[in-house]
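Chemist: Mind looking over this structure? Questions follow.
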Amino acid sequence: MLQKINIPKIIGHRGAKGHAPENTIASFRKAKELGVTWVEFDVKETEDGVLIIMHDDELDRTTNGKGAIAKKNWAVIKELDAGSWFHSSFSNEKIPTLEETFLLLKELNMGANIEIKPCPGREERTAIAVGKAIKEKWPQELPPPLVSSFSMDSLVTVKKVYPNLIIGALFETLPDDWKKIILKVQAQTIHIDHEVVNAKMIQEMKDAGYPVLTYTVNDQKRARELFNIGVHSIFTDFPWKE
Ligand code: G3P
Ligand code: MG
């Protein structure tokens, strides 16, 4: 059965990626300050199974570490600087854990789109861990999170672990058999690159009962065009209050 969920129109992408180092506590706080009520962030696992907030498979771009996250333990990862690459004023930022992020969201009274972004080969393992973490630790005061992934294996797995979860299917482009995929993963929303959609496609997805969320929309004029053709929500690096 489909659950009701109130998804806001504007969602902060990796927090407020344009203003602060992505996927950090500072970025989530900045998104709140800018007036959005939800943030999106990416979750993956360290070698020893700690769930962390991180986009890339490698440490190099967004930290002072090097190499594959899948091969590093939390004891090493927790010491890294995840902010200086963006600006020296963020040198105290660390890679947050999922659990720490749940507590912050509770403090800020913010909802979330949790994107499962498994390191290659860990699609099921990471989804099991994320499903358990949400089931046991998601703050009950907050609206239920929307859980998305480009990995359909992760989505099928997370839904098995926690059948109540609300699932969003992430696509780079819309596959011909999207309806079949959506039914298989039991998704309630479709998340897709704004550059590959048009009014007809949006209408088709809406007619089938699926709200469409598009990423990454940093231009407010473009956001208005998308809302006018029926897009439900947008992910943006530069959040604003609607
Ligand atoms: O969830 C929307 C968007 O974050 C998907 O792409 O690569 O930024 O995680 P990416
Ligand atoms: Mg993401």
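The values are calculated or read from the model by the stated rules, or taken from the named source; none is laboratory data. Given the structure is predicted, the values throughout are model-derived calculations rather than measurements. Reconstructed Cβ throughout: ideal geometry from the backbone, glycine too, with neighbour counts over all protein chains shown.
Chemist: Touching a residue at least 60 places away in the same chain (Cβ under 8 Å), buried (at least 20 other Cβ atoms within 10 Å of the Cβ) and either within 15 Å of ligand 2 (Cβ to nearest atom) or over 17 Å from V217 (Cα atoms) (or both), is that true of N6?
Modeler: On the way: touching a residue at least 60 places away in the same chain (Cβ under 8 Å): yes; buried (at least 20 other Cβ atoms within 10 Å of the Cβ): no; either within 15 Å of ligand 2 (Cβ to nearest atom) or over 17 Å from V217 (Cα atoms) (or both): yes.
Judged against the criteria, N6 is not a match.
Chemist: A further question follows. For the stretch 22-47, what are the residues that are free of Cβ contacts under 8 Å to residues at least 40 places away in the same chain and surrounded by fewer than 21 Cβ atoms within 10 Å (Cβ to Cβ)?
Modeler: Correct list: E33, E47.
Chemist: If you don't mind, there's one more thing I want to ask. Assess whether N218 counts as being more than 26 Å from E99 (Cβ to Cβ), touching a residue at least 60 places away in the same chain (Cβ under 8 Å) and out of contact with any Cys (no Cβ under 7 Å at 6 or more places or on another chain). Talk me through it step by step, then tell me what you get.
Modeler: Numbers: more than 26 Å from E99 (Cβ to Cβ): yes; touching a residue at least 60 places away in the same chain (Cβ under 8 Å): yes; out of contact with any Cys (no Cβ under 7 Å at 6 or more places or on another chain): yes.
Answer is yes for this residue.
Chemist: Restricting to the stretch 155-169, count the residues that are closer than 21 Å to L105 by Cβ and either within 14 Å of ligand 1 (Cβ to nearest atom) or surrounded by fewer than 22 Cβ atoms within 10 Å (Cβ to Cβ) (or both). Steps first, please.
Modeler: Pass one, the stretch 155-169, residues closer than 21 Å to L105 by Cβ: 158, 161-162, 164-168.
Adding the requirement that they be either within 14 Å of ligand 1 (Cβ to nearest atom) or surrounded by fewer than 22 Cβ atoms within 10 Å (Cβ to Cβ) (or both) leaves 161-162, 164, 166-168.
The total comes to 6.
Conditions (1) exposed (fewer than 13 other Cβ atoms within 10 Å of the Cβ); (2) at positive phi, marked per residue:
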| site | (1), (2) |
| --- | --- |
| E141 | yes, no |
| F171 | no, no |
| L213 | no, no |
| G230 | no, yes |
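Chemist: Please enumerate the residues belonging to the stretch 57-69 that are touching a residue at least 12 places away in the same chain (Cβ under 8 Å) and of a type outside the set (A, V, I, L, M, F, W, C). So that I can check it myself, show each step before the final result.
Modeler: Let us first name the residues in the stretch 57-69 that are touching a residue at least 12 places away in the same chain (Cβ under 8 Å), namely 57, 59, 61-65, 68-69.
Within the stretch 57-69, D57, R61, T62, T63, N64, G65 meet the criteria.
The rows are residues; the columns are (1) within 16 Å of the chain's Cα centre (by Cα); (2) under 17 Å from T24 (Cβ atoms); (3) modelled with pLDDT of 95 or more.
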| position | (1), (2), (3) |
| --- | --- |
| E99 | yes, yes, yes |
| M110 | yes, yes, yes |
| C119 | yes, no, yes |
| I128 | no, no, yes |
| E136 | no, no, yes |
| S148 | yes, no, yes |
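Chemist: Is there any pair with a first residue in the stretch 225-242 that is part of a loop (DSSP other than H, G, I, E, B) and a second that is within 10 Å of ligand 1 (Cβ to nearest atom) whose Cβ atoms are under 7 Å apart and which are 6 or more apart or on different chains, and what are they?
Modeler: As it stands, the answer is V231/T214; H232/L213; D237/H13; D237/K17; D237/T216, since those pairs meet every condition given.
Chemist: Okay, next question. Which number in (1) more than 21 Å from L34 (Cα to Cα); (2) in contact (Cβ under 8 Å) with a residue 12 or more places away in the chain marks the one condition that F86 misses?
Modeler: F86 satisfies every listed condition except (1).
Chemist: Run down I77, I95 and say which single residue is touching a strand residue (DSSP E or B) at 6+ places or on another chain (Cβ under 6 Å), more than 24 Å from I166 (Cα to Cα) and either free of Cβ contacts under 8 Å to residues at least 40 places away in the same chain or within 16 Å of ligand 2 (Cβ to nearest atom) (or both). Walk me through how you get there before you give the answer.
Modeler: On the way: I77 fails: touching a strand residue (DSSP E or B) at 6+ places or on another chain (Cβ under 6 Å).
After applying the criteria, what remains is I95.
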